[in-house]
1. Those residues that are hydrophobic (A, V, I, L, M, F, W, C), assigned to a loop (DSSP other than H, G, I, E, B) and touching a residue at least 12 places away in the same chain (Cβ under 8 Å), I need them from the range 130-158; list them, please.
2. With respect to K104, is the statement that it is closer than 28 Å to H227 by Cα, among the charged types (D, E, K, R) and free of Cβ contacts under 8 Å to residues at least 40 places away in the same chain true?
3. On the given criteria, is M209 within 24 Å of Y22 (Cα to Cα), in contact with a Cys (Cβ under 6 Å, 6 or more places away or on another chain), among the aliphatic types (A, V, I, L, M) and at pLDDT 95 or above?
4. Residue check, E115 against (1) touching a residue at least 24 places away in the same chain (Cβ under 8 Å); (2) part of a loop (DSSP other than H, G, I, E, B); (3) in contact with a Cys (Cβ under 8 Å, 6 or more places away or on another chain); (4) of a type outside the set (K, R), all met but one. Which one?
5. Counting only residues that are among the basic types (K, R) and either under 20 Å from T3 (Cβ atoms) or buried (at least 20 other Cβ atoms within 10 Å of the Cβ) (or both), how many does the range 224-259 have?
6. Hey, can you tell me all the residues within the range 224-254 that are touching a helix residue (DSSP H, G or I) at 6+ places or on another chain (Cβ under 9 Å), in a loop (DSSP other than H, G, I, E, B) and of a type in the set (V, I, T)?
7. Would you confirm whether any residue within the range 12-24 is of a type in the set (S, T, Y), under 19 Å from the mean Cα position of the chain (by Cα) and farther than 21 Å from S197 by Cα?
8. Among the candidates A149, A154, A124, A102, which residue alone is surrounded by 13 or more Cβ atoms within 10 Å (Cβ to Cβ), aliphatic (A, V, I, L, M), at pLDDT below 95 and within 17 Å of S53 (Cα to Cα)?
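The values are calculated or read from the model by the stated rules, or taken from the named source; none is laboratory data. Note that this is a predicted model, so its numbers are computed, not measured. Cβ atoms come from the backbone with ideal geometry, glycine included; neighbour counts cover every protein chain shown.
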Amino acid sequence: MTTQELLQATDAFLFDLDGTVYLDETPIGNVKETLAALRARKKRIVFLTNNSSKTEEEYRQKLTRIGILGEGDLIYTSAMAAAEYAAAHFPEKRVCLLATDAVKAEFSRTVPLVEEEPDVVILAYDVTLDFPKMKKFNEFLAAGVVYLATHPDAVCPTKGVPMPDVGSFIELFAMSSGRRPDLIIGKPEKTMGESLSHRLHIPCSRMAMAGDRLHTDIRFGNNCGMHTVLVLSGETTRETMKNYPDVPTLILPDVNALI
């Protein structure tokens, strides 16, 4: 498939963030103009991230500060997808969320949260995690409640040493409780893609996922039946590609090569 064929076959472009549209606080190349050109072609723009430590508003502020957020663009995090899933599937259940205070406040707009005797627990990326929180969450797991996790990333890319992410917490709780999540919401699993399709009224077959990680972004798009675009502006290189079985629709140096 050529880039022109991809543009014709796609109604919504889903973009990973760091390594795809920006690096830290710096837009990648002419990404502002690239996104503007896609909007001019009536393509929906979705900024899609597994990071469940920040709220939609926090990402909105960052993308606005960087200068790449446009009118009508959608920001969608794994925490937002988890909230939608919980509201749809557990409307009468007691839900406990392990997350930052800001994410819990955002989550509670659609799903009332409890701190004790939950029926459902959700593991998000809590960068304020401490031992009392871990102990209580582990006790809930041992009691056999429904267990969801926002995403499976083992580490969060940062300058210097990467930080442990939800995937690392999953392994910690697997060792202490013997439990693994009953469902993982975010990339590369299909739940977030299905939620987006429902929200946008666009079939997954008319979406394209662009990202710099084969095992999350590209695997997610492939799992959902989307077109996939691997960009070599972030984590993945042509050499490390050999370590993964995932095959993208297109491989580009960066997202600007779409236009």
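1. Within the range 130-158, V145, A154 qualify.
2. So K104 does not fit the description; no.
3. no
4. (1)
5. 1
6. T236, V247, T249
7. Yes.
8. Of the residues listed, the single one that is surrounded by 13 or more Cβ atoms within 10 Å (Cβ to Cβ), aliphatic (A, V, I, L, M), at pLDDT below 95 and within 17 Å of S53 (Cα to Cα) is A154.
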